[in-house]
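For reference, the structure is listed below as structure tokens.
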Amino acid sequence: MPLIWASRRGDPDWDLARNSGWTRADLTWERLMEAGNEAFCAGHMARAGRLFFYADALARGRFDAADLRRATAPAARAMVRLARGRDAGALIALARQSWHSAPAAVADMEIRPRIRSSLFHLRMEAKHRGQYHDNLRLRLGRIAEETGETLAAMGGERTPHRHFSRWRGEKPPVFDGTRKVLAAALLIPDALPR
């Protein structure tokens with residue numbers, strides 16, 4: 001079983017995250033949500049439900065009200081309830097309400113420099129940093145809009161967008177605000193298992 005809790009010893013991600021200003025709660029929440037999504041994909045609904053519940057409790061206790069991650073765990077918990085044939089209306093409403101701050105969160109997120117594949121790209125980013133940041137905000141804003149559409153459609157037949165399967169490819173190697181926003185938008189199960 002993969003490590004879920006963020007520990008201080010022997011955990012290279014913890015060192016990188018801490019040096020970037022992340023708290024233990026930030027990394028633990030992300031790991032709980034990833035493990036919950038993996039359990040959901042494997043059809044282990046009880047485990048997924050517990051992990052999402054823990055992530056939700058952590059988010060409510062540690063993150064401010066405007067943090068988008070406070071919408072993600074209720075949405076994931078709703079997917080578990082729907083997969084079990086139960087009503088999830090209250091969780092869906094909570095997730096939708098918390099997602100209203102998405103445009104402000106994208107506009108205010110911290111963007112740290114990325115590692116570039118060539119000196120040319122590094123120089124281009126240094127020269128046009130504002131444009132790079134604007135493009136990244138535009139891209140993440142579109143992903144956040146897709147998550148809003150998924151939350152609006154939740155409870156129906158199918159969710160209109162991929163989320164967790166996309167997280168696997170989109171997960172940034174940098175511990176900054178973009179990773180928090182992307183995690184909030186994409187750490188939701190894609191669809192109910194068949």
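The values are calculated or read from the model by the stated rules, or taken from the named source; none is laboratory data. Every value quoted in this text rests on a predicted model; they were computed, and no experiment measured them. Note: ideal-geometry Cβ built from the backbone for every residue, glycine included; neighbour counts use all protein chains shown.
The table below gives the values:
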quantity: Some residue of segment 46-63 being surrounded by fewer than 19 Cβ atoms within 10 Å (Cβ to Cβ), within 15 Å of the chain's Cα centre (by Cα) and part of a loop (DSSP other than H, G, I, E, B); calculated: yes
quantity: In segment 76-101, the residues that are crowded, with 23+ Cβ neighbours inside 10 Å and modelled with pLDDT under 90; calculated: Ser98
quantity: Every residue from segment 64-113 that is on the phi < 0 side of the Ramachandran plot, more than 15 Å from the chain's Cα centre (by Cα) and of a type in the set (Gly, Ala, Ser); calculated: Ala65, Ala78, Ala83, Ala88, Gly89, Ala90, Ala93, Ala104, Ala107
quantity: Qualifying positions in segment 138-160 - assigned to a helix (DSSP H, G or I), surrounded by fewer than 20 Cβ atoms within 10 Å (Cβ to Cβ) and out of contact with any helix residue (DSSP H, G or I) (no Cβ under 6 Å at 6 or more places or on another chain); calculated: Leu138, Arg139, Arg142, Glu145, Glu146, Glu149, Ala152, Ala153
quantity: Flag for Asp64 being of a type in the set (Asp, Glu) and under 19 Å from Lys180 (Cα atoms); calculated: yes
quantity: First in segment 157-185 and farther than 22 Å from Ala59 by Cα, second anywhere and at pLDDT 90 or above and not aliphatic (A, V, I, L, M), Cβ under 7 Å, 6 or more apart; calculated: Thr159/Thr150; Pro160/Glu149; Pro160/Thr150; His161/Glu146; His161/Glu149; His161/Thr150
quantity: Pairs where the first residue, in segment 60-83, is of a type in the set (Ser, Thr, Tyr) and the second is assigned to a loop (DSSP other than H, G, I, E, B) and buried (at least 24 other Cβ atoms within 10 Å of the Cβ), C-beta under 7 Å, 6+ apart; calculated: Thr72/Leu187; Thr72/Ile188
quantity: Gly21 vs. criteria out of contact with any Gly (no Cβ under 7 Å at 6 or more places or on another chain), free of Cβ contacts under 8 Å to residues at least 24 places away in the same chain, surrounded by fewer than 16 Cβ atoms within 10 Å (Cβ to Cβ) and on the phi > 0 side of the Ramachandran plot; calculated: no
